[in-house]
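The values are calculated or read from the model by the stated rules, or taken from the named source; none is laboratory data. Keep in mind that this is a model prediction, so the values were computed, not measured. Here the Cβ positions follow ideal geometry from the backbone for every residue, glycine too, while neighbour counts run over all protein chains shown. Side chains are part of the model used for accessible areas, which takes the heavy atoms of the whole protein and leaves out ligands, DNA and RNA. Shrake-Rupley method; radii C 1.70, N 1.55, O 1.52, S 1.80 Å.
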Amino acid sequence: MTPLTRRRFVTIAACAAAGPGPVSARSVQPYTWAGTALGARASIRLDTADREQAREVISLCVAEVDRLESLFSLYRTNSALSVLNRRGGLTGPAPELLELLSLAHAVHLTTEGAFDPSVQPVWAALARLHATTRPNTDTALGALEDAARRVGFGDVRFSAGEVRFLRPGMALTLNGIAQGFVTDRIAALLQREGLNNVLVHMGETRALGSRADGSSWRVGVRAPTGARQPMRTISIRDRALATSATLGTTFSSQGRRIGHIIDPRSG
């Protein structure tokens, strides 16, 4: 099993307005759900007087996250992404997968290759190298050089009919972009259900409207060291916030912590 150190929580908070203007904190009651989503502990809290609506909305959120995980997850062996990586091709890709690949392609071009979802072979090689004992330098360099030869998003072809790799041994990870995509999808779902005061955090954060008392949502940004107290708190409404830290997720072996953010051009 890959020795990754990851502490992440998925949370959704929303309050339903009975009409224009802020909702009185006394007019609503919290309805909560706890489980897992995107490989992390998850919770949903809806502040609403309509408990039947709360149950229905939570069911919709859980089902949508599960559906999107079945497309993008590397941790599910039967997900569309896992099948693509295993076979080197995928016919009839879902529209959401094509949308995310198109967005990834645009970011790849804009960053001149610094963002490259095809870095997965290098990422997997690092995970294997740190799975048991500390490898010697020659072994590590050889494995990383071999993996780096299979990186290059320009050799990924995708259309409505098919996604395929032009070179054997290629693989994709969408972890750097899928969490924000899912966060936006869930926020849009809640808004369609009439919940316009929403905070969604699924690895990335999206705020719609305000809290029940009319104040802005407050989001804590954790220190890269992993300290419990946030190093900064930001007030947001109708905005999104994404952060990343090298040590946010790590490979661990022999007491060392190796950050998960990799330059795909050098490994």
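What to note about this one:
- Helical segments meeting 20 Å axial Cα length and Kyte-Doolittle 0.5 threshold in the chain (DSSP H): 95-110
- If the segment from Ser70 to Arg232 were pulled out straight at 0.36 nm per residue, it would be longer than the present Cα-Cα gap by 54.9 nm.
- Cα Rg, Dmax (largest Cα-Cα span) when computed across segment 182-222, Å: 10.3, 31
- Efficiency of FRET from Cβ geometry, Ile261 and Arg167, R₀ 30 Å, rounded to 0.05: 0.80
- Under 13 Å, Cβ to Cβ, from Gly267 - net charge with Lys/Arg +1 and Asp/Glu -1: -1
- The residues of the chain expose, per residue, 53 Å² of accessible area to a 1.4 Å probe.
- Å³ per residue enclosed by the Cα convex hull of the chain: 139
- FRET efficiency, 1/(1 + (r/R0)^6) with R0 41 Å, evaluated for Glu145 and Arg192 via beta carbons: 0.25
- Rolling a 1.4 angstrom probe over segment 65-210 with all protein chains present gives an accessible area of which 52% lies on carbon and sulfur atoms.
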